[in-house]
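Novice: Following this message is one structure expressed as structure tokens.
Throughout, read-outs are computed from the coordinates displayed, never taken from laboratory work. This one's a predicted model, so the numbers in the text were calculated from it and none came from an experiment. Cβ sites come from the backbone with ideal geometry, for glycine too, and all protein chains shown count toward neighbours.
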Amino acid sequence: MWLAIAIFLYWRGDWRLAAVAGAVSFVFYHTSSNSHPALYALEPNFDAQAPEFRNTVAGMTGMPLIAGNSIEIYNNGDEFYPAMLEEIESARCSVTMEQFIFWDGELARRFAEAFAEKAREGIPVKLIADAIGSATVGEENLRTLEAAGCQLAWFHPIHWYTLNRANLRTHRKSLIVDGRIAFTGGAGLADHWLGRAENEYQWRDIQIRVEGPAVAAQQYGFAQNWLLSTGEILSGPEFFPSVPAAGDVEVQTILSSPCSGACAAATMYLIAVQCARKSLYIANPYFIPGARVIDMLGRACRRGVTVKLMVAGRFNDTWWARQNSLRLYGTLLEAGVEIYEFQPTMLHQKTMVVDGAWATVGTANFDNRSFALGEETNVCFHDRALVEELQSIFLADLARCNKVELSEWLRRGFVQRVKEEFAALIEDQV
């Protein structure tokens, strides 16, 4: 489209605007993914509790269920950051981390010092930070890590000769200790995640702690991107130990990468939507589904599924994502989806609960950037107690939301509609 605009403008003689449109076309051509969205041809005749559901998700994503684990759910930074720092302090063999956001501030300094202390003890500390998302990590923190002997690799640094991969980022948030304990979820390492989501400066988020054999999957995801970034192969019991059972939870870790050509996280989400029979509770800050997904959600509503969608409201860190999401409200509401905007602060967790029987917590947003352009991690489980806990958290957060009504959405002004249409020009990039 942008190339056509450039040619038209050049033909009209406006070579300056033609050059701008041509540059935009060039950037989009080199930053768009070649992956294709998954599509269910038929409605499955099984629900999320059936063995067929587990086998289908495992077969389509290539990620099996691993038994013998324990999971803990943490709400907000005042819960999960102390737990993460405590595990780093107790590390005896290795510490690895893959992080999209590692921003300078109080929290970054605390983690940098914790990593440095382990490295000074002779424990290998290997960190991957996204070259774009973590560009503001701060020189002081980098010096702290380097002086102690921590190894930091940048994921996909930008060069003129790497434009074809410039838009492919790691959006993972994984911390793995001794190859036995792992954390993941929506939160990066930045000060706005500190606190208990009590005001606009304390983001609302969820992290989980996994202990047991399933941790190997997150370590595998780190190891693959470490190999890509440094050329080093991780090996040995420091990183891949024989891990005894730590509980009775079966865990499925979905590792998604644009390099595979088909997004495992998107596939997992779509299978879950198709198999919902009673309720579908989605918490996701950036909800920008394609037409096919909206149709699937509408069909879920028509077959009697209660679909509740909780998204970030007026406190939103991405204007483009906010406008693109608002643009789709009408179609979703008409399909029967209930939409709730979180009010106290920026909502940032990425969770889904289906029929009170299956749930996932992870890093993947419900948008093209996560589905086609980012490295993502989602942890899935059927454990009844954990699913009920996550569902209770969702319902408690729902009480802090405003429900969006179709009549209210239809009354939005002309200026707002123009913003939405303008933002739609780069819908696939947000």
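Novice: Going by a ≥ b ≥ c, the root eigenvalues of the Cα gyration tensor, does the chain fall in the rounded group (a/c under 1.5), the prolate group (a/b larger than b/c) or the oblate group? Don't jump to the answer; show the numbers that get you there.
Specialist: Details: a/c = 1.58, a/b = 1.17, b/c = 1.36.
Note, shape of the chain comes out oblate.
Novice: Another question about this same structure. Ratio of Rg to Rh for the range 151-232, alpha carbon only, Kirkwood? Don't skip to the answer; put the middle values down first.
Specialist: Working: Rg = 15.6 Å, Rh = 14.9 Å.
Ratio value, two decimals: 1.05.
Novice: With n ≥ 4 as the cut-off for DSSP H runs, can you work out [θ] at 222 nm for the chain, using -39500 (n - 2.57) per run divided by the number of residues, rounded to the nearest 500?
Specialist: So the calculated ellipticity at 222 nm is -12000 deg cm²/dmol.
Novice: Between beta-carbons, use under 15 Å as the cut-off and find the net charge around A396, counting Lys and Arg +1, Asp and Glu -1. Show your work: numbers first, answer last.
Specialist: Values: positive: R196, R204, K308, R400; negative: E79, E198, D205, E388, E389, D397.
Surrounding charge for A396 is -2.
Novice: Which cross-chain or sequence-distant (5 or more) residues have an amide H under 5 Å from the amide H of I339, H modelled 1.01 Å from N in plane?
Specialist: L309, V404
Novice: Along the charge dipole of the chain, Cβ charges K/R +1 and D/E -1, which of S325, S134, F414 sits furthest on the positive end?
Specialist: Positive-end residue among those listed: F414.
Novice: Which order do peptides 366-373, 294-301, 46-53 fall in by mean Cβ count within 10 Å, highest first? Intermediate results must be reported in sequence, preceding the final value.
Specialist: Values: 366-373: 24.4, 294-301: 18.5, 46-53: 16.2.
Descending mean neighbour count gives 366-373, 294-301, 46-53.
Novice: Moving on to the next point. Taking only the alpha-carbon atoms of the range 36-159, what semi-axes of the equivalent ellipsoid follow from 5 times the gyration tensor eigenvalues under a square root, in whole Å, largest first?
Specialist: Equivalent-ellipsoid dimensions as semi-axes: 37, 20, 14 Å.
Novice: Moving on. Could you give each residue of the range 312-327 its phi-based ³J(HN,Hα) in whole Hz, using Karplus coefficients 6.51, -1.76, 1.60 with θ = phi - 60°, and x for Gly or Pro?
Specialist: 5, x, 5, 8, 8, 7, 10, 4, 4, 5, 4, 5, 5, 5, 4, 4
Novice: Enumerate the calculated ³J(HN,Hα) couplings along the range 345-351 in order (Karplus 6.51 cos²θ - 1.76 cosθ + 1.60, θ = phi - 60°), each rounded to whole Hz, writing x wherever the residue is Gly or Pro.
Specialist: With coefficients 6.51, -1.76 and 1.60, one gets 6, 6, 8, 10, 6, 10, 10 Hz.
Novice: Then there's this: Taking only the Cα atoms of the range 66-252, how large is their convex hull per residue, in Å³? Can you show the working numbers first?
Specialist: Working: hull volume 22.0 nm³, N = 187.
That works out to 118 Å³ per residue.
Novice: Continuing with this model, one more query. Sum up the lysine pairs in the chain that clear both bars: alpha-carbon distance under 15 Å and a spacing of 8 or more or different chains. Show your work: numbers first, answer last.
Specialist: Numbers: K118/K126; K126/K173; K173/K350; K278/K308; K308/K350; K308/K403.
Count of close lysine pairs: 6.
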